[in-house]
Amino acid sequence: MTDHAPKKLFIKTYGCQMNVYDSERMAEALGGRGYVETQVAEEADMILLNTCHIREKAAEKVYSELGRLKPLKAEKPDLKIGVAGCVAQAEGEEIMRRQPLVDLVVGPQSYHRLPAMDAALATGGKALDTDFPAEDKFSGLAARPRAQRGPTAFLTVQEGCDKFCAFCVVPYTRGAEVSRPAERVVDEARALVEAGVREITLLGQNVNAYHGHEGGLAGLVRTLAAIDGLERIRYTTSHPNDMDDALIAAHGDCPELMPYLHLPVQSGSDRILKAMNRKHTAEAYLRLIERLRDARPDLALSGDFIVGFPGETEADFADTMGLVEAVGYAQAYSFKYSTRPGTPAAEKPQLPGDVMSDRLARLQALLKAQQTAAQEAMVGREVGVLFEKPGRLPGQMVGRSDHLCAVHVEAPEALKGEIARVRITASAPNSLAGTLA
Ligand code: SAH
Ligand code: SF4
Ligand code: F3S
């Protein structure tokens, strides 16, 4: 390899969609240093793990992955290995102590400094930056390249969390709630649409706390909806307490805003919600769902649940099952409570593992049954599908319905990036099948 050959960057992304977005931006930032992305770790000059700290298993995965990189580094001493994301933020220098092959540690709020950090590595040192800098990371990043893109994209509009749920590390790894100015978001959305994007998912740890636009997130959604060529808008993740009247109204009368909402509640027990510091009751959540469904009757709901939070009794768990029954989710994520060092709940006595496993199995069976019912209810109906890529079978395309369900359809590849009407003919475990209407 000559000095002028591009250097290769391999990024592995864990955790939430915000990390997916950050990984793209990190690759773009390092593009300015001559890196191009590769999908093959063995040929990389730099490997970056963009990590998640949300549950114990997620954090441990990072250390086992780093262990697996040892032979590669031994073979290729110039290979740079970096840890980014929420584990980087939470553990900082400790990562380099525990795994000396790590050259670089960069937190989620400081990755605009990656080019300078890479320059420091070139002189043989190590680089660490886990500041929450006063300057805005986004204005420190170069403009996004204009390359053609697929039909869907993520766009981070809000970061951080001030809610401090008793179980959660996010307020510590991502810092305080910050909203990006609307003009920046709109510029970025326009550029994405010019590059072929038809659907944008607005991202934030508490995206509906967005306040960079008059009228909050609803105001931003309406401004974005006016962009020619932007056909669909989604947002995630939202908190029940930040769901305002304007956003509920937007679900009713903004056709670009898709009828799908991820609105985590975590538990159906008021006692546990209080211990979790969620600052709302189960009843308040159910009332909110009712108002949203009044505005948009076909709204598909998704949620997050934690079972086995410290102190959760069988009666508390029954309340969670009752809430799930009352809502009827189209889709949901559920987790066993995981102790996170430094969070208030970590101080409390923990429930036995088998109790958690048993509750998780019961909850997941109910959620799965609801998902199946929601999908089966679509059979025979016509939906809009945005085609994203070829399917596994020849002549097949895959896209997403308004309700974010994957749909497999026999369709020409020319439909990529187009929204077509599709009649749903069958429901499979995690997707639908249909024919062009
Ligand atoms: N900001 C979002 C999501 C944050 S993390 C929100 O408020 O909803 C995504 C999900 O991970 C959470 O909704 C929660 O269900 C789960 N989670 C967070 N901390 C956890 C922990 N310590 N143990 C188990 N699950 C956890
Ligand atoms: Fe974590 Fe709660 Fe903030 Fe969501 S709202 S990121 S669960 S602290
Ligand atoms: Fe994980 Fe950080 Fe996202 S902890 S869920 S990557 S905000």
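The values are calculated or read from the model by the stated rules, or taken from the named source; none is laboratory data. Treat the numbers as computed from the prediction; the structure is a model and nothing was measured. Every residue, glycine among them, receives a Cβ derived from its backbone with ideal geometry; neighbour counts consider all protein chains shown. Surface accessibility is based on the protein's heavy atoms, side chains included, excluding ligands, DNA and RNA. Shrake-Rupley method; radii C 1.70, N 1.55, O 1.52, S 1.80 Å.
By DSSP, the beta bridges lying fully in the chain are antiparallel in about 35 percent of cases. Taking 326, 195, 44 as the candidate residues, the one with maximal mean-square fluctuation in a Gaussian network model of the chain, Cα springs under 10 Å, is 326.
GNM remark for the chain: springs join alpha carbons under 10 Å apart, and the peak mean-square fluctuation among 309, 138, 387 falls on 138. Using the beta-carbon distance between residue 142 and residue 121 and R0 = 22 Å, what value does 1/(1 + (r/R0)^6) give for FRET efficiency, to the nearest 0.05? The value I calculate is 0.70. Which whole-number percentage describes the relative contact order of region 244-337, with Cα contacts under 8 Å and a sequence gap of 6 or more? RCO, region 244-337: 35 percent.
Summing +1 for each Lys or Arg and -1 for each Asp or Glu among the other residues whose beta-carbon sits under 12 angstrom from that of residue 436 gives -1. The Cys residues in the chain with no partner Cys Cβ within less than 4.7 Å of their Cβ are 16, 52, 86, 161, 254, 405. Looking at the chain, the accessible area is 44 square angstrom per residue; that uses a 1.4 Å probe and ignores ligands, DNA and RNA.
With the Kirkwood sum run over all distinct C-alpha pairs, region 382-436 has a hydrodynamic radius of 10.5 Å. Projecting label points 7 angstrom from Cα along Cα→Cβ for residue 425 and residue 56 puts them 4.9 nm apart. Springs join every pair of Cα atoms under 10 Å in this Gaussian network model of the chain, and among 225, 182, 143 the largest mean-square fluctuation is at 143.
Bridge orientation summary for region 152-376: considering DSSP beta bridges with both residues in this region, about 10 percent are antiparallel. Relative contact order for the chain: 10 percent, from Cα pairs under 8 Å spaced at least 6 residues apart, divided by residue count.
Per-peptide packing, taken as the mean over residues of other Cβ atoms within 10 Å, places 5-15, 71-81 in the sequence 5-15, 71-81 from highest down. Of the accessible area of region 112-244, with the probe set at 1.4 angstrom, what percent is carbon plus sulfur? C and S atoms contribute 52 percent here. Looking at region 276-413 alone, DSSP beta bridges between its own residues are antiparallel in about 60 percent of cases. Using C-alpha pairs below 8 Å separated by at least 6 residues, the relative contact order for region 140-289 is 22 percent. Of the solvent-accessible surface of region 382-436, computed with a 1.4 Å probe over protein heavy atoms with every protein chain present, carbon and sulfur atoms account for 52 percent.
Extending 7 Å from Cα along the Cβ direction at residue 418 and again at residue 211 yields two label points whose distance is 4.5 nm.
With 22 Å as the cut-off, how large is the P(r) tail for region 233-339, expressed as percent of Cα-Cα pairs? Distances greater than 22 Å cover 29 percent of the Cα pairs. Helical content alone sets the calculated 222 nm signal of the chain at -10500 deg cm²/dmol, taking -39,500 (n - 2.57) per DSSP H segment of four or more residues and averaging over every residue. Can you pull a Stokes-Einstein diffusion coefficient for region 152-376 at 10 °C (1.306 mPa s), Rh from Kirkwood over Cα pairs, as a whole number of µm²/s? In µm²/s, the coefficient is 86. Dipole size of region 7-129 about its Cα centre, with +1 on Lys/Arg Cβ and -1 on Asp/Glu Cβ: approximately 160 debye, rounded to the nearest 20. Residues whose amide H lies under 5 Å from that of residue 333, counting only those 5 or more places away or on a different chain, are 303, 304, 305; hydrogens are built 1.01 Å from N in the peptide plane.
Given R0 = 51 Å, the distance between the Cβ atoms of residue 377 and residue 94 translates into a calculated FRET efficiency of 0.55. Among the trypsin sites (Lys or Arg not before Pro) within region 256-334, those in coil by DSSP and having at most 14 neighbouring Cβ atoms inside 10 Å are 279. Relative to one another, the C-alpha centroids of region 269-320 and region 118-152 are positioned 38 Å apart.
Here the label points at residue 348 and residue 132, each 7 Å from Cα along the C-beta direction, are separated by 2.4 nm in the simple model. When you filter the chymotrypsin sites (Phe, Trp or Tyr not before Pro) in region 295-374 for DSSP loop state and at most 15 other Cβ atoms inside 10 Å of their Cβ, nothing is left. Taking the convex hull of the alpha carbon positions in the chain and averaging its projected area over all directions gives 21.8 nm². Calculate the length of the line joining the C-alpha centroid of region 377-418 to that of region 43-115, in whole Å. Answer, in whole Å: 37.
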